[in-house]
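The values are calculated or read from the model by the stated rules, or taken from the named source; none is laboratory data. This one's a predicted model, so the numbers in the text were calculated from it and none came from an experiment. Quick reminder, even Gly has a Cβ in these numbers, built from the backbone with ideal geometry, and neighbours come from all protein chains shown. Accessible surface areas use protein heavy atoms only, side chains included; no ligands, DNA or RNA. Shrake-Rupley method; radii C 1.70, N 1.55, O 1.52, S 1.80 Å.
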Amino acid sequence: MIEQQKQRIEMEITRQLDDLDRNVLRKMQADMHDCAARCCKDSTSSMDTVQQCVERCSVPAQRAQQHVETEINSFNSRLQRCVMDCNDTIKDKMGPNPSEGDIAKYTAEFERCAIKCVDKHVAILPNMFASMRKVLQSRSSDRMQGAVFEKNDIRADGKVVIITGANTGIGKETAHYLARRGAHVYMACRDMNKCEDARKEIVLDTRNPQVYCRECDLASMQSIRQFVKQFKAEQQRLDILINNAGVMRCPRMLTKEGIELQLGVNHMGHFLLTHLLLDTLKLSAPSRIVVLSSLAHTRGQIALDDLNSTRSYDEARAYEQSKLANVLFTRELARRLDGTGVTVNAVHPGIVDTELMRHMGIFNSWFSGIFVRPFVWPFLKSPLYGAQTTLYAVLDPDLEKVSGQYFSDCAPKEVAEQAKDDRVAKWLWAVSEKWTGTLTGTAAVS
């Protein structure tokens with residue numbers, strides 16, 4: 001019985017996949033190859049430019065494949081849970097010492113329950129694939145991915161770059177791009193195993209051996225200080241600092257120094273890291289700092305009377321506060337760096353499908369798999385496209401003297417009114433100095 005039902009499910013999924021392939025996926029593959037062919041026919045572009053063009057062509061088809069795999073895996077998980085519920089119900093009924101007659105009776109009951117599970121899930125497959133077809137067709141033109149940094153002929157040969165959180169998502173794509181352009185890339189990451197895996201992938205693809213993993217846990221001031229000490233022992237210059245790492249809407253947790261984690265990692269950790277590297281950045285001028293913020297800053301408020309969320313904690317408000325802190329920090333730092341040759345700008349990468357969303361229940365629940373994600377997915381950028389505004393901010397020659405700005409989709413954007421409050425920016429700066437110990441060397445959180 002089990003084998004028969006398994007074959008039944010597999011046959012129906014195969015039938016639906018064949019239909020999806022004939023009507024949607026093959027066209028996406030054809031579009032991908034046509035696009036790649038146009039890239040290769042451009043005789044005026046460099047080899048790197050053509051490769052980047054080809055990679056962008058492949059993104060829609062790759063994301064389509066990932067979407068199909070995710071939906072089928074989710075379907076299989078729901079079916080397995082249904083069958084396991086049947087199993088648990090029968091086990092509860094059987095008791096500890098069932099007779100042979102009871103075993104036969106309950107085995108038959110389990111089989112009937114399992115068949116109902118299969119019937120129920122086979123029935124939802126047509127609607128599930130119809131929804132997938134609609135989503136994939138809406139994405140086939142790739143029109144929702146946002147702006148692309150077009151100046152692919154710009155090199156970064158010999159430039160020394162630090163990128164926090166570079167082992168995954170936007171950070172990894174940024175590291176990959178800059179390594180291909182000849183930069184010496186320092187991947188500042190918390191998880192060394194993941195970092196090394198990403199580093200090997202980047203080196204193998206770009207043939208640039210100047211890519212390094214260095215441990216830097218932004219939830220630990222000691223780790224940040226140790227990272228900077230090691231970096232300065234190895235390098236005399238720093239051309240680009242990209243404050244990329246972040247956490248998003250996590251349960252209330254604290255850094256090693258007792259700072260609420262989202263504020264601690266997204267703002268305070270980067271505040272200390274930037275402060276400790278300012279002398280090297282100034283000596284390397286013209287140099288650039290890029291701070292990854294978010295559109296969420298427009299909903300943020302700095303809780304002057306409860307910055308550390310000790311009285312009450314809301315994961316969304318804490319995230320929005322940290323992203324507003326990023327913009328306030330950027331604007332205040334730009335003011336302080338005026339005339340030094342070091343610029344600092346904030347960027348909004350867009351809504352990107354990365355590990356940053358791992359704490360957001362709405363994207364990880366069974367409800368999301370059925371109702372939410374099929375509607376949200378068309379509006380999520382891939383990490384490659386999410387990295388475009390960062391690349392624009394660190395490489396575009398037109399921005400060499402632009403500082404204190406906020407960019408999205410490779411263009412300047414207005415910040416929220418609360419992000420223009422210089423009084424709050426100065427207050428946050430003073431608190432950040434105290435909490436990170438930038439003046440005394442000892443963190444003092446209160």
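What do you reckon, is ARG181 of a type in the set (D, E, K, R), assigned by the TED database to the domain that holds ALA303 and open to solvent by 10 Å² or more (accessible area, probe 1.4 Å)?
Working: of a type in the set (D, E, K, R): yes; assigned by the TED database to the domain that holds ALA303: yes; open to solvent by 10 Å² or more (accessible area, probe 1.4 Å): no.
No, not satisfied.
Just to be sure I understand, how many residues within the range 286-326 are more than 21 Å from LYS434 (Cα to Cα), of a type in the set (D, E, K, R) and in a helix (DSSP H, G or I)?
Residues in the range 286-326 being more than 21 Å from LYS434 (Cα to Cα), of a type in the set (D, E, K, R) and in a helix (DSSP H, G or I): 4 in total.
Got a number for residues in the range 411-425 being more than 28 Å from the chain's Cα centre (by Cα) and surrounded by 13 or more Cβ atoms within 10 Å (Cβ to Cβ)? Steps first, answer last, please.
First, the residues of the range 411-425 that are more than 28 Å from the chain's Cα centre (by Cα): 421-424.
Adding the requirement that they be surrounded by 13 or more Cβ atoms within 10 Å (Cβ to Cβ) leaves 421, 424.
Of the residues in the range 411-425, 2 are more than 28 Å from the chain's Cα centre (by Cα) and surrounded by 13 or more Cβ atoms within 10 Å (Cβ to Cβ).
So which residues in the range 315-335 are open to solvent by less than 60 Å² (accessible area, probe 1.4 Å) and among the acidic types (Asp, Glu)?
Within the range 315-335, GLU320, GLU332 meet the criteria.
Looking at (1) within 24 Å of GLN52 (Cβ to Cβ); (2) within 15 Å of the chain's Cα centre (by Cα), which is the one condition that is false for LYS194?
Status for LYS194: all satisfied but (1).
Any residue in the range 320-349 that's without any contact (Cβ under 8 Å) to a residue 40 or more places away in the chain: show its pairings with residues that are outside any helix (DSSP H, G or I) and buried (at least 24 other Cβ atoms within 10 Å of the Cβ) at Cβ separation under 8 Å, as long as the two are six or more apart or on different chains.
From residues that are without any contact (Cβ under 8 Å) to a residue 40 or more places away in the chain, the pairs are GLU320/GLY300.
Please go through the range 390-446 and give me each residue that is in contact with a Pro (Cβ under 9 Å, 6 or more places away or on another chain) and not small (Gly, Ala, Ser), ordered by number.
Of all residues in the range 390-446, those in contact with a Pro (Cβ under 9 Å, 6 or more places away or on another chain) come to 390, 400-402, 405-406, 408.
THR390, GLU400, LYS401, VAL402, GLN405, TYR406 - these are the residues of the range 390-446 that are in contact with a Pro (Cβ under 9 Å, 6 or more places away or on another chain) and not small (Gly, Ala, Ser).
Quick grid of which residues meet (1) open to solvent by 40 Å² or more (accessible area, probe 1.4 Å); (2) among the polar types (S, T, N, Q); (3) under 21 Å from VAL291 (Cβ atoms); (4) free of Cβ contacts under 8 Å to residues at least 60 places away in the same chain:
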{"residue": "ALA233", "(1), (2), (3), (4)": "yes, no, no, yes"}
{"residue": "ARG237", "(1), (2), (3), (4)": "yes, no, yes, no"}
{"residue": "ASN244", "(1), (2), (3), (4)": "no, yes, yes, no"}
{"residue": "PHE271", "(1), (2), (3), (4)": "no, no, yes, no"}
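Within the range 12-56, can you find the residues that are part of a helix (DSSP H, G or I), open to solvent by 40 Å² or more (accessible area, probe 1.4 Å) and acidic (Asp, Glu)?
Those that are part of a helix (DSSP H, G or I), open to solvent by 40 Å² or more (accessible area, probe 1.4 Å) and acidic (Asp, Glu): ASP18, ASP19, ASP21, ASP31, ASP34, GLU55.
Would you call GLU150 open to solvent by 10 Å² or more (accessible area, probe 1.4 Å), in contact with a strand residue (DSSP E or B) (Cβ under 6 Å, 6 or more places away or on another chain) and either outside the structural domain of LYS256 (by the TED database) or free of Cβ contacts under 8 Å to residues at least 24 places away in the same chain (or both)? Can you show your working first?
Values: open to solvent by 10 Å² or more (accessible area, probe 1.4 Å): yes; in contact with a strand residue (DSSP E or B) (Cβ under 6 Å, 6 or more places away or on another chain): no; either outside the structural domain of LYS256 (by the TED database) or free of Cβ contacts under 8 Å to residues at least 24 places away in the same chain (or both): yes.
Criteria not met by GLU150.
When the residues of the range 425-446 are narrowed to those that are assigned to a loop (DSSP other than H, G, I, E, B) and free of Cβ contacts under 8 Å to residues at least 60 places away in the same chain, which ends up nearest to ILE289 (Cα to Cα)? Spell out the reasoning first.
If we filter the range 425-446 for residues that are assigned to a loop (DSSP other than H, G, I, E, B), which is where we start, we get 437-446.
Among the residues that remain, those that are also free of Cβ contacts under 8 Å to residues at least 60 places away in the same chain are: 439-442, 444, 446.
On the way: LEU439: 21, THR440: 24, GLY441: 23, THR442: 25, ALA444: 26, SER446: 29 Å.
That would be LEU439.
Does ILE240 meet the test of being in contact with a His (Cβ under 7 Å, 6 or more places away or on another chain) and farther than 18 Å from GLU257 by Cα?
Details: in contact with a His (Cβ under 7 Å, 6 or more places away or on another chain): no; farther than 18 Å from GLU257 by Cα: yes.
No: the conditions fail for ILE240.
May I ask you to list pairs of residues, at least six apart or on different chains, whose Cβ atoms are under 9 Å apart, with the first in the range 409-424 being at pLDDT below 95 and the second being open to solvent by 80 Å² or more (accessible area, probe 1.4 Å) and among the acidic types (Asp, Glu)?
CYS410/GLU150
Select from the range 249-308 the residues that are touching a Ser or Thr at 6+ places or on another chain (Cβ under 6 Å) and basic (Lys, Arg) and write down the one among them that is farthest from ALA419 (Cα to Cα).
Top of the filtered list is LYS256.
Filter the range 57-73 down to residues that are β-branched (Val, Ile, Thr) and open to solvent by less than 50 Å² (accessible area, probe 1.4 Å) and give me whichever is nearest to ALA37 (Cα to Cα). I'd like the intermediate steps shown before the answer.
Start the filter on the range 57-73 by keeping residues that are β-branched (Val, Ile, Thr), which leaves 59, 68, 70, 72.
Now restrict to residues that are open to solvent by less than 50 Å² (accessible area, probe 1.4 Å): 59, 68, 72.
Working: VAL59: 15, VAL68: 26, ILE72: 31 Å.
If we take residues in the range 57-73 being β-branched (Val, Ile, Thr) and open to solvent by less than 50 Å² (accessible area, probe 1.4 Å), then VAL59 is nearest to ALA37 (Cα to Cα).
Can you confirm whether the range 74-97 contains a residue that is under 25 Å from the mean Cα position of the chain (by Cα), open to solvent by less than 40 Å² (accessible area, probe 1.4 Å) and under 30 Å from LEU399 (Cα atoms)?
In the first step, residues of the range 74-97 are kept if they are under 25 Å from the mean Cα position of the chain (by Cα); the result is 74-75, 77.
Still in the list and also open to solvent by less than 40 Å² (accessible area, probe 1.4 Å): 74-75.
Filter again for under 30 Å from LEU399 (Cα atoms), leaving none.
Within the range 74-97, none of the residues are under 25 Å from the mean Cα position of the chain (by Cα), open to solvent by less than 40 Å² (accessible area, probe 1.4 Å) and under 30 Å from LEU399 (Cα atoms).
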